[in-house]
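Heads up, the thing below is written out as structure tokens.
Rule-based calculations on the coordinates, nothing more; no lab input. Values in this document were obtained by computation on a predicted structure and should not be read as measured data. Using ideal geometry, Cβ is built from the backbone for each residue, glycine included, and neighbour counts are taken over all protein chains shown.
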Amino acid sequence: MARKKIALIGAGQIGGTLAHLVGLKELGDVILFDIAEGVPQGKGLDIAESAPVDGFDARYTGAQDYSAIQGADVVIVTAGVPRKPGMSRDDLLGINLKVMEAVGNGIKQYAPDAFVICITNPLDAMVWALQKFSGLPPTKIVGMAGVLDSARFRHFIAEKVGVSVKDVQAYTLGGHGDDMVPLVRYSSVGGVPLPDLVKMGWISQADLDAMVERTRKGGGEIVALLKTGSAYYAPAASAISMAESYLKDQRRMLPCAAHLSSQYGVDGLFIGVPVVIGANGVERIVDIEFTGEEKAMFEKSVASVQGLVDACKTINPSLA
Ligand code: APR
């Protein structure tokens with residue numbers, strides 16, 4: 001059987017980490033695409049030179065031309081620019097929207113059958129625009145946010161409770177912003193829901209509230225520490241788990257920014273909800289019933305995403 005082909009659009013911090021993980025996990029051959037000449041070639045060569053040491057087989061190709069992604073099974077998109085001081089949200093939106101247009105056209109022409117995972121921020125609006133520009137079926141494109149936000153929450157819980165991260169489950173839904181919705185009720189340690197852990201005295205309600213807040217601001221915490229960039233190890237690992245579920249038909253249930261077409265009372269937006277990812281892409285959207293408080297938080301988050309999407313439509317009226 002031929003190896004799978006994984007195209008990484010954007011060979012920056014996350015793109016390079018993705019390329020390394022694809023090799024270490026032997027998920028397939030890698031195409032690294034970037035407008036920065038030499039960078040995808042250099043990162044590809046560097047990782048390929050680590051393969052004899054780590055003992056994995058994967059071919060790495062750097063490219064500046066979209067024809068290189070021809071026939072890719074999976075495309076992971078990190079292309080774009082981060083927000084810089086003095087840049088407004090709309091400035092960033094305008095720049096990355098143009099990037100999504102170029103990437104979407106490239107996918108439409110060369111990899112229309114791929115499963116696409118978008119990571120570029122502002123995530124929920126960019127994945128929405130990328131679906132429009134690429135014309136992909138909504139089941140074949142998702143945004144990566146929920147796995148990362150949930151992983152952050154899981155890390156904080158495991159550290160606080162003093163147990164292995166392997167035994168901690170957590171769900172973070174809604175948009176990928178400060179008003180995301182960590183679902184405490186469905187988060188658990190060894191199957192014991194967090195509210196029960198509070199009752200049992202393992203953690204205090206104040207601890208739990210602090211962890212929820214830290215999760216919401218998790219991206220900013222890393223930016224403040226790194227100073228020159230944003231997180232890349234955990235975002236890359238999160239996207240790889242989504243790609244692996246598709247490539248190996250694992251049917252994992254993961255929180256992803258998925259296209260909603262009536263579920264959760266939302267129509268035509270990409271919002272973070274639990275989905276099952278298998279060989280056909282998004283095979284199921286899990287429509288959880290919220291409590292009143294969760295519903296209010298979710299609706300606030302949806303309103304933020306709608307605001308970003310409306311701004312995209314104003315910047316590029318062809319999207320309206
Ligand atoms: N086509 C292809 N690549 C592009 C384009 C484009 N039009 N515009 C920019 N790039 C490339 C840059 O050259 C750079 O190598 O995208 C890469 C982005 O990499 P980094 O700046 O290192 O950003 P990274 O940390 O990888 O994050 C990427 O993910 O989490 C989000 O907010 C983050 O939007 C950002 C994205």
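Calculated [222 nm] ellipticity per residue, helices only, for the chain: -14500 deg cm²/dmol; basis is -39500 (n - 2.57) per DSSP H run with n ≥ 4, divided by all residues, nearest 500. For residue 203, the amide hydrogen comes within under 5 Å of the amide hydrogens of 198, counting only partners 5 or more places away or on other chains and with H modelled in the peptide plane. Around the amide H of residue 145, modelled in the peptide plane, lie the amide H atoms of 257, all under 5 Å away and 5 or more residues distant in sequence or on another chain. Altogether, the Stokes-Einstein calculation at 20 °C and 1.002 mPa s, with the Kirkwood radius of the chain over Cα pairs as Rh, returns a diffusion coefficient of 107 µm²/s.
Separation of the alpha carbons by more than 28 angstrom is noted, of 166/248; 84/248; 5/295; 5/217; 25/166, for 84/248; 5/295; 5/217.
Can you work out the FRET efficiency for the pair residue 45 and residue 3, with r the C-beta to C-beta distance and R0 = 22 Å, to the nearest 0.05? Efficiency for this residue pair is about 0.75.
Within the chain, which whole H helices from DSSP have a Cα span along their axis of at least 15 Å and a mean Kyte-Doolittle hydropathy of -1.0 or more, if any? Provide the component values of the computation, followed by the final result.
Numbers: long enough: 13-24 (17 Å, 1.11); 39-54 (22 Å, -0.15); 89-110 (31 Å, -0.15); 123-134 (16 Å, 0.63); 146-161 (22 Å, 0.10); 205-216 (17 Å, -0.85); 233-247 (21 Å, 0.61); 292-315 (35 Å, 0.05).
The qualifying helices are 13-24, 39-54, 89-110, 123-134, 146-161, 205-216, 233-247, 292-315.
Computed extension gain for residue 314 through residue 185, at 0.36 nm per residue and net of the alpha carbon distance, reaches 42.6 nm.
Backbone amide hydrogens, once placed in the peptide plane, bring residue 272 within less than 5 Å of 174, 175, 258, excluding anything fewer than 5 places away on its chain. Among 164, 241, a tally of other beta-carbon atoms within 10 Å of each Cβ gives an order, fewest to most, of 164, 241. In terms of surrounding Cβ atoms within a 10 Å radius of their Cβ, 123, 32, 8, 225 rank from fewest to most as 225, 123, 32, 8. With θ taken as phi - 60° and the Karplus curve 6.51 cos²θ - 1.76 cosθ + 1.60 applied, the whole-hertz 3J(HN,Hα) list for segment 174-181 is x, x, 8, x, 5, 9, 4, 10 Hz, x standing for glycine and proline. Computed from the C-beta positions of residue 295 and residue 53 and an R0 of 51 Å, the FRET efficiency is 0.50 to the nearest 0.05.
Of the chain, which part is the longest with no trypsin sites (Lys or Arg not before Pro) in a loop (DSSP not H, G, I, E, B) and with at most 16 other C-beta atoms within 10 angstrom? Counting at most 16 other Cβ atoms within 10 Å as exposed, the longest clean stretch of the chain is 60-216. Out of 80, 201, 16, any idea which swings most in a Gaussian network model of the chain, alpha carbons joined below 10 Å? Taking springs between Cα atoms under 10 Å, the residue moving most is 201.
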